[in-house]
1. For Asn41 and Asp21, what is the calculated FRET efficiency with R₀ set at 25 Å and r taken between the beta-carbons, to the nearest 0.05?
2. Taking θ = phi - 60°, what integer Hz values does the Karplus form 6.51 cos²θ - 1.76 cosθ + 1.60 yield along the stretch 50-55, in sequence order, with x for Gly and Pro?
3. For a Förster distance of 22 Å, can you work out the FRET efficiency between the beta-carbons of Asn53 and Ser33, rounded to the nearest 0.05?
Amino acid sequence: MDIKNTKQSIEKLFRNTVQKDHKIHNAYLLVHSDKLGIHLNISEGSTNSVPTNENQPYYIASVGRLCCQSAKWDTFSTEHFGIIRRH
């Protein structure tokens, strides 16, 4: 599977997951890799009837927590899409 199709698959899975889970009101996903030439910035859902915007600024309080979440997505992506691998 090429990168374009992989990005489309990730976006479709992300959007479907958010739309099906009524506990999730909005979600954002940013995937970037200079090495693989990937940049995917998507959002889905709404807050108080205001649709999400993938360019919404965000602030991170814990880099350690981000790394742990990244490791979980790394496993998910490797198993399902085969483009992000641990080194």
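The numbers here are math on the coordinates, done by the rules we state, and not lab data. It should be emphasised that the depicted structure is a prediction, and the values quoted were computed from it without experimental measurement. For neighbour counting, all protein chains shown are included, and Cβ atoms are generated from backbone atoms with ideal geometry for every residue, glycine included.
1. Rounded to the nearest 0.05, the efficiency is 0.75.
2. So the Karplus estimates, Gly and Pro as x, are 9, x, 5, 10, 4, 8 Hz.
3. 0.45
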